[in-house]
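Asks: Here you go, one structure.
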Amino acid sequence: MRLSRALLLAAVVLTGGASATVGEASEDWTFLGQRQVSDRVDHDVIVVTGAEGKFSATQLRVLRAAVDFHRVQVHFRNGGRQEVELRHTIPAGGESRRIDLEGDDRVIKSVEFWYDARTIRGRRAVVRLFGQP
């Protein structure tokens with residue numbers, strides 16, 4: 001009986017870990033940064049410092065609580081910027097569509113976003129930014 005419980009627990013832990021890894025690495029997405037957001041602030045920036053390189057697309061993923069996005073702007077290292085049409089709610093555990101980046105020099109400096117977070121009792125949502133080469 002103890003052995004079967006241990007095997008069941010091990011299977012659950014291994015399956016949960018594998019699904020998180022697959023979700024983060026699917027389609028060669030690279031993690032670029034994240035911000036914790038609350039319903040007190042309606043504007044934030046994710047500065048991209050750790051992963052440099054040219055990207056053809058980005059994606060936002062949300063954890064812990066839903067976030068209503070009103071406006072998103074991608075800022076590039078060459079001084080250019082791209083306004084992104086992303087005016088909808090991303091639920092906790094959800095993600096935005098693939099956001100194609102325009103132009104030749106697509107080295108991302110930062111992503112700025114305006115939002116309303118649907119947090120409860122001070123709980124913060126997490127907005128994560130990914131890039132695809």
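Asks: From the residues in region 47-86 that are in contact (Cβ under 8 Å) with a residue 12 or more places away in the chain and in contact with a His (Cβ under 8 Å, 6 or more places away or on another chain), which one is farthest from residue 131 (Cα to Cα)?
Replies: Applying the filter and picking the extreme gives 68.
Asks: Can we say residue 76 is at pLDDT 90 or above and within 16 Å of residue 33 (Cβ to Cβ)?
Replies: Here the answer is yes, as residue 76 does meet what is asked.
Asks: Something else about it: Pick from 52, 102, 24, 83: which is in a strand (DSSP E or B), exposed (fewer than 15 other Cβ atoms within 10 Å of the Cβ) and either acidic (Asp, Glu) or modelled with pLDDT of 95 or more (or both)?
Replies: 83
Asks: Which of the residues belonging to region 63-115 are aromatic (Phe, Trp, Tyr) and over 20 Å from residue 42 (Cβ atoms)?
Replies: 76
Asks: Out of all the residues in region 115-133, which are aromatic (Phe, Trp, Tyr) and at pLDDT 95 or above?
Replies: Passing the criteria: only 130.
Asks: When residue 39 is evaluated against the numbered criteria (1) within 20 Å of residue 101 (Cα to Cα); (2) in contact with a strand residue (DSSP E or B) (Cβ under 6 Å, 6 or more places away or on another chain); (3) among the acidic types (Asp, Glu), which criterion, by number, is the only one it fails?
Replies: (1)
Asks: Something else: Can we say residue 64 is surrounded by 15 or more Cβ atoms within 10 Å (Cβ to Cβ), at positive phi and not polar (S, T, N, Q)?
Replies: Yes, satisfied.
The values are calculated or read from the model by the stated rules, or taken from the named source; none is laboratory data. This structure is a prediction, so every number in the text was calculated from the model and none was measured. We place every Cβ from the backbone using ideal geometry, glycine too, and count neighbours over all the protein chains shown.
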